[in-house]
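Q: After the structure tokens below, expect a handful of questions from me.
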Amino acid sequence: MRALISALSLLLGTVAAAGVSTVAAPPPAAALPDGQALTPPMGFNNWNATGCAINETLIRDTADLFVSTGLKDAGYKYVNIDDCWAELDRDPVTGRYVPHHERFPSGIEALADYVHARGLKLGIYTSAGTQTCARTMPGSLGHEDIDAQTFAEWGVDYLKYDNCHNQNVPALERYPRMRDALKKTGRPIVYSICEWGQNRPWEWGADVGHLWRTTGDINDSWASMLSLFKSNVVLAPFAGPGHWNDPDMLEVGNGGMTEREYRSHFSLWASMAAPLLIGTDLRRATPQTLEILGNRDVIAVDQDPLGAQATVLRNDNGRWILKKPLANGDIAVTLFNETESSATIGTSAAELGLPQGPAYVLRDLWEHRTFESAGTFATTVPAHGTVMYRVSRGADWWRQPPASGFGVDLPSAGFGVPGSVVPAGKPFTASLSVANHGRLPMLEARFQFTAPDGWAVRRLDPNGRRLVRAGETVSTRYEVIPPAATPVGPYQLAATVTYHSIFDDEVHRSWSEELIVPEPVPAGVSELSAVHWAKAANGFGPVELDMSNGGIRPGDGRPLTINGRGYAKGLGTHAEASILYYLAGRCSSLSVDVGIDDERDPRPDPTQSTAIFEIWADGVKVADSGLRTWQDDAVHLDGNLTGASFLRIVTNGGPDGFRWDRGDWADPVLTCTI
């Protein structure tokens, strides 16, 4: 009955607006802020994990898992439903949404009650258009009042409002309409503007919504995450309590990145005071995934009540330092290495603007351990890795063990591909070092290095030092030889350093890295799509063989086609892509046609779908296509590989970014000696 009365009221209001009745229209709703979302929203959204494969069981299970795994206690509270939750058509009498009879047979109101009973909140989705993005249900354009009232009566606490099928109605008309409709309901509903950053919502969103997407959609790849980070990190002045920049949901746990990369993803989003919306199916989450998502030290940085987004203190060719001031005067420091090789990254108390003092208290937010530092905050950060510190002044700094920078240098034959690559039978040297960044000495510093069983390991230098004074570095080297008969594949190397404080506190720092033993390319002339690569990274889904890149799943491409010309053989990539082959010095050339595949952005805009194709022999670029657009025919490249140990082919995104940059390496012929 309550719903029917509300529906009749809304219908009468519509008639009045048309001039049939003299009932006065409601006054305009007040603009934001309204005291909601004073810290970035934390919760779950199903889209990244399930797409339209959504049902009420998933939402109920997720709410239960929030409680049982401790995620609720860590701060997660919104359980959000994305697209495909409603029937294709509205109720013919009331004009309201109808929950999908198979996916949500109990209805949304009953689901909200279930979620609320666990101390959580329910979110829902629609689009500021005539249909939602999946085209499975109506959008809310022209139905804002009745939809907002429906959501409020169901007990919805959060609305994600997308941008699809918007009929070219300006965003600054569509999004305030829903804001006003939500406000008129009287129910506090967090309002997420999802217009993909197309109309610079950071400049107007604070008066309209509580958060706004600054980017297009994320996908579960390193290239996508990195691109969204770079787009969002420059927008720090626009974020604050009640109004947040949103670089899209988390992909942590979905399988497209490494555990190290997921830690970077989570660290960067927390540093940027971004919403933390879990995008993986928690019913299948590994302990490692739950450890990342439940890191309370990192979450505290994201949820800090000051609400400051981190700013870029420095970016030295992909070695980033972010600074985020916190409400109690501490500073969160994020050291992020986007490059393909380990690097020492660091800053100082002076550069951070900290007041002078004898020493500082340094909390490592991933090791969950506290140290003292004389004012240097630096360490070796592995490729694609991130280290986070919380720095404060503390009178009891001397009670903590000294901070240190520990790292391992390996030979880098990857030339832009993560992971070291070492051929079987070839010796290499691993260099270990630890630097004392504390005010007090380190005692009994000792190294240990571990290689796979059967590999020869010989220490070349002393294994440590009894006393390492403040500011000193101690190092050692190991010669490592993988046997000549080592099978092709990935192997783990590990190293540790152990030292003690003057109070006999033991510190144990660890490191691990994947090393690839590659398969040499075959002799003679080969189609490159028939040759095994040593390592590959692709911007969207896997590199495909003899088909275009397609989507996120293996084997979902189409026939290779560049501006109408088809090819039977080749590699389907998506920027940013890098593929490494071990040549063993016996190849002479690579001959290939390159260009943008016809599986591209359907918009007729020549600035979309662009890429640059490069051929590298060891560390030297030997061929470059220049910028190619979707309107261009294929261009032929010949790369001289004489004497090179490694071949690397690269698909780089053009000036428009990497979206829809599906690049084909068509009819690639590799010529090697017999």
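Q: Could you tell me which of the residues Pro441, Pro411 is farther than 22 Å from Glu514 by Cα and either modelled with pLDDT of 90 or more or not aliphatic (A, V, I, L, M) (or both)? Give the steps one after another, and end with the answer.
A: On the way: Pro411 fails: farther than 22 Å from Glu514 by Cα.
Every option except Pro441 fails the conditions.
Q: Is region 415-435 home to any residue that is open to solvent by 40 Å² or more (accessible area, probe 1.4 Å), among the hydrophobic types (A, V, I, L, M, F, W, C) and under 26 Å from Val620 (Cα atoms)?
A: There is at least one residue in region 415-435 that is open to solvent by 40 Å² or more (accessible area, probe 1.4 Å), among the hydrophobic types (A, V, I, L, M, F, W, C) and under 26 Å from Val620 (Cα atoms).
Q: I would also like to ask the following. Name the single residue that is nearest to Trp398 (Cα to Cα) among those in region 498-549 being among the β-branched types (Val, Ile, Thr) and open to solvent by 50 Å² or more (accessible area, probe 1.4 Å).
A: Ile502
Q: Ok, one more. Confirm whether Gln149 is touching a helix residue (DSSP H, G or I) at 6+ places or on another chain (Cβ under 7 Å) and not aliphatic (A, V, I, L, M). Working first, answer last.
A: Working: touching a helix residue (DSSP H, G or I) at 6+ places or on another chain (Cβ under 7 Å): yes; not aliphatic (A, V, I, L, M): yes.
Considered against the rule, which asks whether it is touching a helix residue (DSSP H, G or I) at 6+ places or on another chain (Cβ under 7 Å) and not aliphatic (A, V, I, L, M), Gln149 comes out as yes.
Q: Moving to a separate point now. Looking only at region 199-223, count how many residues are open to solvent by 20 Å² or more (accessible area, probe 1.4 Å), at pLDDT 95 or above and of a type in the set (S, T, N, Q).
A: 1
Q: Return the residue satisfying two criteria in turn: it lies in region 474-490 and is part of a strand (DSSP E or B) and open to solvent by less than 20 Å² (accessible area, probe 1.4 Å), and of such residues it is farthest from Val422 (Cα to Cα).
A: Val474
Q: A further question on this structure: If you go through region 171-198, how many residues are under 15 Å from Glu144 (Cβ atoms) and open to solvent by 70 Å² or more (accessible area, probe 1.4 Å)?
A: 6
Q: What are the pairs with Cβ atoms under 7 angstrom where one residue, in region 365-390, is on the phi > 0 side of the Ramachandran plot and the other, located anywhere, is of a type outside the set (Phe, Trp, Tyr) and part of a strand (DSSP E or B)? Sequence gap at least six, or different chains.
A: Filtered contacts from region 365-390: Gly375/Ser348; His384/Asn337.
Q: In region 619-646, what residues are out of contact with any Gly (no Cβ under 8 Å at 6 or more places or on another chain), over 14 Å from Ser609 (Cβ atoms) and assigned to a loop (DSSP other than H, G, I, E, B)?
A: Correct list: Gly619, Leu641, Thr642.
Q: Let me ask something additional. Which ones in region 355-365 are open to solvent by less than 70 Å² (accessible area, probe 1.4 Å) and at pLDDT below 95?
A: Pro355, Gly357
Q: Just to be sure before I move on: is Ala24 among the small types (Gly, Ala, Ser), open to solvent by 20 Å² or more (accessible area, probe 1.4 Å), at pLDDT below 95 and not in a helix (DSSP H, G or I) in the structure I sent?
A: So Ala24 passes the test.
Q: Hey, any hits in region 609-621 for a residue that's open to solvent by less than 30 Å² (accessible area, probe 1.4 Å), under 18 Å from Met547 (Cα atoms) and aromatic (Phe, Trp, Tyr)?
A: Yes.
Q: Which of the residues belonging to region 384-401 are among the hydrophobic types (A, V, I, L, M, F, W, C) and either closer than 20 Å to Ser475 by Cβ or open to solvent by 30 Å² or more (accessible area, probe 1.4 Å) (or both)?
A: Listed by number, the residues that qualify are Val387, Ala395, Trp397, Trp398.
Q: Something else about it: With the structure loaded, tell me whether Leu250 is within 14 Å of the chain's Cα centre (by Cα), under 22 Å from Asn538 (Cα atoms), in a helix (DSSP H, G or I) and hydrophobic (A, V, I, L, M, F, W, C) or whether it fails that test.
A: no
Q: Let me ask something additional. Looking at Leu467, Leu493, can you tell me which residue is free of Cβ contacts under 8 Å to residues at least 40 places away in the same chain, of a type outside the set (D, E, K, R), closer than 30 Å to Arg446 by Cα and in a strand (DSSP E or B)?
A: Matching residue, one of Leu467, Leu493: Leu467.
Q: Inside region 546-600, can you point out the residues that are among the charged types (D, E, K, R) and either at positive phi or part of a strand (DSSP E or B) (or both)? Working first, answer last.
A: Start the filter on region 546-600 by keeping residues that are among the charged types (D, E, K, R), which leaves 546, 553, 556, 558, 565, 569, 576, 586, 593, 597-600.
Once the filter is applied, which keeps residues that are among the charged types (D, E, K, R) and either at positive phi or part of a strand (DSSP E or B) (or both), region 546-600 yields Asp546, Arg565, Asp593, Asp597.
Q: Let me ask you something else. Can you say whether Val594 is open to solvent by 60 Å² or more (accessible area, probe 1.4 Å) and β-branched (Val, Ile, Thr), as far as the supplied structure shows?
A: no
Q: Also: Residues to consider are Leu322, Leu326, Leu306; find the one that is of a type in the set (A, V, I, L, M), open to solvent by 50 Å² or more (accessible area, probe 1.4 Å) and at pLDDT 95 or above. Walk me through how you get there before you give the answer.
A: Values: Leu322 fails: open to solvent by 50 Å² or more (accessible area, probe 1.4 Å); Leu326 fails: open to solvent by 50 Å² or more (accessible area, probe 1.4 Å).
Exactly one of Leu322, Leu326, Leu306 is of a type in the set (A, V, I, L, M), open to solvent by 50 Å² or more (accessible area, probe 1.4 Å) and at pLDDT 95 or above, namely Leu306.
Q: Identify all residues within region 553-566 that are open to solvent by 20 Å² or more (accessible area, probe 1.4 Å) and of a type outside the set (Val, Ile, Thr); write none if there are none.
A: Pass one, region 553-566, residues open to solvent by 20 Å² or more (accessible area, probe 1.4 Å): 553-559, 561, 563-566.
The answer is Arg553, Pro554, Gly555, Asp556, Gly557, Arg558, Pro559, Asn563, Gly564, Arg565, Gly566.
Q: Assess whether Glu351 counts as being in contact (Cβ under 8 Å) with a residue 12 or more places away in the chain, more than 26 Å from the chain's Cα centre (by Cα) and open to solvent by less than 10 Å² (accessible area, probe 1.4 Å).
A: Judged against the criteria, Glu351 is not a match.
Q: Could you check region 38-49 and list, in sequence order, the residues that are closer than 22 Å to Glu109 by Cβ and surrounded by fewer than 20 Cβ atoms within 10 Å (Cβ to Cβ)?
A: Selection gives nothing.
Q: State all residues of region 224-260 that are β-branched (Val, Ile, Thr), buried (at least 19 other Cβ atoms within 10 Å of the Cβ) and in contact (Cβ under 8 Å) with a residue 60 or more places away in the chain; if no residue qualifies, say none.
A: Listed by number, the list holds a single entry, Val233.
Q: Within region 366-381, can one find any residue that is over 30 Å from Arg458 (Cα atoms), surrounded by 20 or more Cβ atoms within 10 Å (Cβ to Cβ) and within 26 Å of the chain's Cα centre (by Cα)?
A: Yes, region 366-381 contains a residue that is over 30 Å from Arg458 (Cα atoms), surrounded by 20 or more Cβ atoms within 10 Å (Cβ to Cβ) and within 26 Å of the chain's Cα centre (by Cα).
Q: Go through (1) part of a strand (DSSP E or B); (2) of a type in the set (A, V, I, L, M); (3) more than 17 Å from Arg260 (Cβ to Cβ); (4) without any contact (Cβ under 8 Å) to a residue 60 or more places away in the chain for Leu335 and report which single condition fails.
A: Every condition holds for Leu335 apart from (3).
Q: What is the residue count in region 217-234 for residues that are in a loop (DSSP other than H, G, I, E, B) and either closer than 20 Å to Met42 by Cα or of a type in the set (Asp, Glu) (or both)?
A: Residues meeting the conditions: 4.
Q: Looking only at region 530-545, which residues are part of a strand (DSSP E or B) and not hydrophobic (A, V, I, L, M, F, W, C)?
A: Selection gives Lys535, Glu544.
Q: Could I ask something else about it? Does Leu277 fit the bill of being part of a helix (DSSP H, G or I) and open to solvent by less than 40 Å² (accessible area, probe 1.4 Å)?
A: no
Q: Oh, and also: Among the residues of region 237-260, what is the count of those that are modelled with pLDDT of 95 or more and either aromatic (Phe, Trp, Tyr) or within 16 Å of Pro287 (Cα to Cα) (or both)?
A: Selection size over region 237-260: 8.
Q: While we're here: Kindly check whether there is at least one residue in region 297-304 that is polar (S, T, N, Q), in contact with a strand residue (DSSP E or B) (Cβ under 8 Å, 6 or more places away or on another chain) and within 30 Å of Ser578 (Cα to Cα).
A: No, region 297-304 contains no residue that is polar (S, T, N, Q), in contact with a strand residue (DSSP E or B) (Cβ under 8 Å, 6 or more places away or on another chain) and within 30 Å of Ser578 (Cα to Cα).
The values are calculated or read from the model by the stated rules, or taken from the named source; none is laboratory data. Please read all numbers here as calculations on a predicted model, not as lab measurements. For neighbour counting, all protein chains shown are included, and Cβ atoms are generated from backbone atoms with ideal geometry for every residue, glycine included. Accessible surface is based on the protein model in full, side chains and every heavy atom, while ligands, DNA and RNA are left aside. Shrake-Rupley method; radii C 1.70, N 1.55, O 1.52, S 1.80 Å.
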